[in-house]
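Before any comments, here is the structure.
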Amino acid sequence: MSASPVSAVIVGAGHRGVGYARLSLSKPEMLRIVGVADPDPVRRQRAAEMFDVPSDGLYDTAQEMACAPRFADAAINGTMDRDHVPTTLPLLEAGYDVLLEKPICPTRAELLELLTTVRRTGHKLMIGHVLRYAPFYVAIKQRVMAGDIGDVYAIRSTEAVSYHHMAAAFIRGRWSHRSTNPILLAKCCHDLDLIAWFKSGVAPRFVSSMGARTVFTEENAPEGAGTRCLVDCEIERECPYSARKNYLEQGRWPTYAWESIEHIEEPTDEDRERSLREDNPFGRCVYRTDGDVVDHQSVIVEFEDGATATHDMITGTARPGRDIHIWGTKGEIQGFMEDGSFVVRHADPRAGHERSRT
Ligand SMILES: NC(=O)c1ccc[n+]([C@@H]2O[C@H](COP(=O)([O-])OP(=O)(O)OC[C@H]3O[C@@H](n4cnc5c(N)ncnc54)[C@H](O)[C@@H]3O)[C@@H](O)[C@H]2O)c1
């Protein structure tokens, strides 16, 4: 590691961009934030104050910032999904290494343009596939690389997206429409990246996928359900998706739930309740939104060496979590990320089954 901290600019001072940049507050010897670009003046100013950025480091957009001479080692790109490539290309051209949030981008054409630009400019592009750094997956990867289970020939994984997470991000929230990004890309790009990572060096040959919206439909609205939980719903107290329960009483997903009133300096409980009654999208009945993302989807992959992998995304579940099962020619690894442990098994269990806790 270099002796002086990496200097970085935040591009998109939203939840994720600011989240990454907070490292500069806890570990100033590693990271220093010297610029902020965001078209939202309130977010830009809040980030500038939080990270003590002088006014000459502030820009309206990534594109404007990239027109100025480069003044940091790297850029942290926390813009929304569709803005990833249009904001990253000029930053790479301007000489920045870029940490780009996942999912990389929604189209193959954009992906190839990004790849070409990275190769031509020679700058680093790192994707926010943060699960590659989670101790659970790092430990599994180490066992696979050590050859403990031989050559990997099959992988199966599942991501269960809890009922309240599904409602907050993909039914009432910003990722509820395919036009932003299909939910598989928005949520399970981590899992598909992990599958490819466990087969590092072997490319997928065929990929097939199917999914549907089966749960969050108008036909499934329970009798007595209205259009807004706090306005016209007769069963609000019994519904697990009640906006009052989820966001006012249980305080779930506050950064998303109160986004529509984040420009109120210190919102009161009355401000929050009023917003849920009136125009906050989080006040809507989950069975009666205009969203179009699927609520379950499966993927099958065949790799060039004949290995296969499947991934299931299931949403609206009681318990959230990710599980993974990897089979190799000498053994298998099975684990549930939320338990923080996995088991390595061999057909001839000389030393017994091994359990690894991470
Ligand atoms: N790694 C993970 O596990 C994880 C988790 C959640 C979200 N994400 C991803 O992180 C990304 C950001 O999500 P978020 O919730 O922080 O979004 P956000 O909407 O809170 O922040 C995006 C910010 O980008 C700004 N912006 C828009 N155009 C810009 C431009 N041209 N130049 C500079 N700034 C611009 C917006 O004004 C906004 O403030 C998304 O792609 C999302 O899918 C990743």
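The numbers here are math on the coordinates, done by the rules we state, and not lab data. Treat the numbers as computed from the prediction; the structure is a model and nothing was measured. Every residue, glycine as well, gets a Cβ built from its backbone with ideal geometry; the counts of neighbours run over all protein chains shown.
Mind counting the residues in segment 90-111 that are not in a helix (DSSP H, G or I) and not polar (S, T, N, Q)?
So the count comes out to 13.
Could you check segment 182-232 and list, in sequence order, the residues that are among the basic types (Lys, Arg), part of a loop (DSSP other than H, G, I, E, B) and buried (at least 20 other Cβ atoms within 10 Å of the Cβ)?
Hit for segment 182-232 is Lys199, nothing else.
Scanning segment 175-209 for residues that are farther than 30 Å from Val144 by Cα and either free of Cβ contacts under 8 Å to residues at least 40 places away in the same chain or within 12 Å of the chain's Cα centre (by Cα) (or both), which turns out farthest from the ligand (Cβ to nearest atom)?
Among them, the one singled out is Ser179.
Do we have any residue at all in segment 190-209 that's farther than 14 Å from Val301 by Cβ and among the aliphatic types (A, V, I, L, M)?
Within segment 190-209, none of the residues are farther than 14 Å from Val301 by Cβ and among the aliphatic types (A, V, I, L, M).
Pairs only if they're at least six apart or on different chains, beta carbon under 8 angstrom, first in segment 3-20 and without any contact (Cβ under 8 Å) to a residue 60 or more places away in the chain, second within 9 Å of the ligand (Cβ to nearest atom) and outside any helix (DSSP H, G or I); list them, first residue then second.
Gly19/Gly78
Taking the stated definitions as given, is Ser260 of a type in the set (Gly, Ala, Ser) and out of contact with any helix residue (DSSP H, G or I) (no Cβ under 7 Å at 6 or more places or on another chain)?
Criteria not met by Ser260.
Given the structure, is Pro41 closer than 18 Å to Lys124 by Cβ and surrounded by fewer than 20 Cβ atoms within 10 Å (Cβ to Cβ)?
Spelling it out, it is not the case that Pro41 is closer than 18 Å to Lys124 by Cβ and surrounded by fewer than 20 Cβ atoms within 10 Å (Cβ to Cβ).
Of the conditions (1) touching a strand residue (DSSP E or B) at 6+ places or on another chain (Cβ under 6 Å); (2) within 18 Å of Ser200 (Cβ to Cβ); (3) crowded, with 20+ Cβ neighbours inside 10 Å, Tyr137 fails just one. Which one is it?
Looking at each condition in turn, Tyr137 falls short on (1).
Of all residues in segment 1-14 being within 16 Å of the ligand (Cβ to nearest atom) and either of a type in the set (A, V, I, L, M) or over 24 Å from the mean Cα position of the chain (by Cα) (or both), which is surrounded by the fewest Cβ atoms within 10 Å (Cβ to Cβ)?
Among them, the one singled out is Ala8.
With the requirement that a residue be part of a strand (DSSP E or B) and near the ligand (Cβ under 9 Å from one of its atoms), what does segment 37-89 give you?
Result: Ala37, Tyr59, Asn77.
Taking Thr255, is it polar (S, T, N, Q) and more than 30 Å from Glu302 (Cα to Cα)?
Yes.
Evaluate segment 41-52: report whether one residue or more is among the hydrophobic types (A, V, I, L, M, F, W, C) and closer than 21 Å to Val118 by Cβ.
no
Going through segment 122-156 one residue at a time, which ones are within 16 Å of the ligand (Cβ to nearest atom) and assigned to a strand (DSSP E or B)?
Leu125, Met126, Ile127
Counting just the residues of segment 15-32 that are of a type in the set (Gly, Ala, Ser), surrounded by 12 or more Cβ atoms within 10 Å (Cβ to Cβ) and more than 8 Å from the ligand (Cβ to nearest atom), which one comes out nearest to Asn77 (Cα to Cα)?
Ala21
For Val98, only one of the following conditions fails: (1) in contact with a helix residue (DSSP H, G or I) (Cβ under 6 Å, 6 or more places away or on another chain); (2) within 11 Å of the ligand (Cβ to nearest atom); (3) farther than 25 Å from His263 by Cβ. What is its number?
Of everything listed in (1) in contact with a helix residue (DSSP H, G or I) (Cβ under 6 Å, 6 or more places away or on another chain); (2) within 11 Å of the ligand (Cβ to nearest atom); (3) farther than 25 Å from His263 by Cβ, Val98 misses just condition (2).
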